[in-house]
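S.K.: Attaching a single structure in structure tokens format; questions to follow.
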Amino acid sequence: MDEWRVKGKPVSASASEMAEVVLPAQTNVLGKLLGGHVMHMVDIVAAMAASRHANSYMVTASVDYIDFRNPVNLGEIVMLKAQVNRVFTTSLEVGVEVFSENLLTGERKQTRKSTTTRTNQNVVILSLSDKDGRRTSTQVSA
Ligand SMILES: CC(C)(COP(=O)(O)OP(=O)(O)OC[C@H]1O[C@@H](n2cnc3c(N)ncnc32)[C@H](O)[C@@H]1OP(=O)(O)O)[C@@H](O)C(=O)NCCC(=O)NCCS
């Protein structure tokens, strides 16, 4: 193995989660969580999983398109789960699932609909980068 190749690790080592209560500042006039806010959170949790896997700065190179299946209502909890699906050479693919949970009933729904053929999750491709945003020659490992 090349010395500069990052040591491999299991998916569970970098799987990441985020959750927050939906407040009025993040909702539209109908009291539903803004799609743009969901996309922001998808980007953040994907970067978290990718960087934890690669132990490196990562930038988002590409995002799969997202269908919003169920709205997340004001006062509900929005939860995101990210995990590395596949590792390439200097990039990797992260899948993100988004759920909502009603605080009062405990009912949980999946927020978005799958569109990719490779996985049933939203997919974010992230690429290695140094702290100044430049590409690095380090590889990521599965
Ligand atoms: C993503 C970026 C680093 C790619 O740079 P580049 O000079 O094109 O690098 P390369 O062509 O060598 O690609 C690097 C890796 O990224 C992958 N990649 C680049 N663009 C991609 C895309 N649109 N979709 C999927 N993978 C992509 C390549 O396949 C390659 O992967 P590999 O080494 O695992 O085979 C560069 O385009 C960039 O900096 N974009 C802006 C990123 C950004 O600002 N994001 C938002 C803030 S985080």
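Rule-based calculations on the coordinates, nothing more; no lab input. Everything numeric in this text was worked out from a predicted model, so none of it was measured. A quick note on method: Cβ atoms are made from the backbone with ideal geometry, for glycine too, and the neighbour counts reach across all protein chains shown.
S.K.: Output wanted: per-residue J couplings in Hz (rounded whole) for segment 65-71, from phi through Karplus 6.51 cos²θ - 1.76 cosθ + 1.60, θ = phi - 60°, x for Gly and Pro.
M.R.: Coupling constants for segment 65-71: 6, 10, 9, 9, 7, 10, x Hz.
S.K.: Treating only the Cβ atoms of Lys and Arg (+1) and Asp and Glu (-1) as charged, compute the dipole magnitude of segment 11-129 about its Cα centre; round to the nearest 20 debye.
M.R.: For segment 11-129, the charge dipole is close to 200 debye.
S.K.: For segment 31-40, in order, what is each residue's ³J(HN,Hα) by Karplus, 6.51 cos²θ - 1.76 cosθ + 1.60 with θ = phi - 60°, in whole Hz (x at glycine and Pro)?
M.R.: Coupling constants for segment 31-40: x, 10, 4, 5, x, x, 5, 4, 4, 4 Hz.
S.K.: Would you be so kind as to identify which of 44, 96, 28 lies farthest towards the positive end of the dipole of segment 11-129, taking Lys and Arg as +1 and Asp and Glu as -1 on Cβ and the Cα centre as origin?
M.R.: Sorting the options by dipole projection puts first 96.
S.K.: In terms of modelled amide H atoms, which long-range or inter-chain residues lie less than 5 Å from the amide H of residue 68?
M.R.: Those lying under 5 Å, H to H, from residue 68 are 113.
S.K.: Then there's this: Which percent of the Cα-Cα distances in segment 11-129 go past 23 Å? Walk me through the numbers before you get to the answer.
M.R.: On the way: 2051 of 7021 pairs.
Cα-Cα pairs in segment 11-129 separated by more than 23 Å: 29 percent.
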